């Protein structure tokens with residue numbers, strides 16, 4: 001996916017496309033995760049769509065649920081979804097920072113070769 005250390009750094013235009021691709025992947029992961037959370041709250045707790053969205057979004061954002069779950073199934077789902085949301089946070093951060101860090105390190109090593 002990325003150029004090796006033996007290849008020159010990519011052009012600015014190609015790098016911008018790479019950043020956009022990573023941004024779209026991160027947004028897709030967030031959208032799918034939000035949908036999973038909404039469906040879980042809707043199914044386990046019978047929340048309205050707007051309340052399910054609010055709770056899922058707050059958990060994905062790291063703030064915690066607005067309406068605490070009342071059922072055992074809802075509590076189990078909320079706990080598992082909170083753990084999942086933490087992993088999604090790390091994955092999204094990696095998706096967004098990987099091309100930038102690669103470019104910086106690649107340029108450093110490419111300049112070292114010259």
Cross-chain or 6+ apart pairs with Cβ under 7 Å, the stretch 38-62 first and surrounded by fewer than 20 Cβ atoms within 10 Å (Cβ to Cβ), then modelled with pLDDT under 95 and not in a helix (DSSP H, G or I): 51/67; 54/66; 58/64; 58/65; 58/66
Test for residue 19: is it touching a helix residue (DSSP H, G or I) at 6+ places or on another chain (Cβ under 6 Å), under 18 Å from residue 104 (Cβ atoms) and surrounded by 13 or more Cβ atoms within 10 Å (Cβ to Cβ): yes
Evaluation of residue 31 against (1) closer than 21 Å to residue 91 by Cα; (2) surrounded by 11 or more Cβ atoms within 10 Å (Cβ to Cβ) (one fails), failing number: (2)
Exclusive hit being under 30 Å from residue 2 (Cα atoms) and at pLDDT 95 or above, set 104, 88: 88
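The values are calculated or read from the model by the stated rules, or taken from the named source; none is laboratory data. From a predicted model like this one, the values you see are computed outputs, not experimental measurements. Neighbour counts are summed over all protein chains in view; Cβ atoms, including those assigned to glycine, are modelled from backbone coordinates with ideal geometry.
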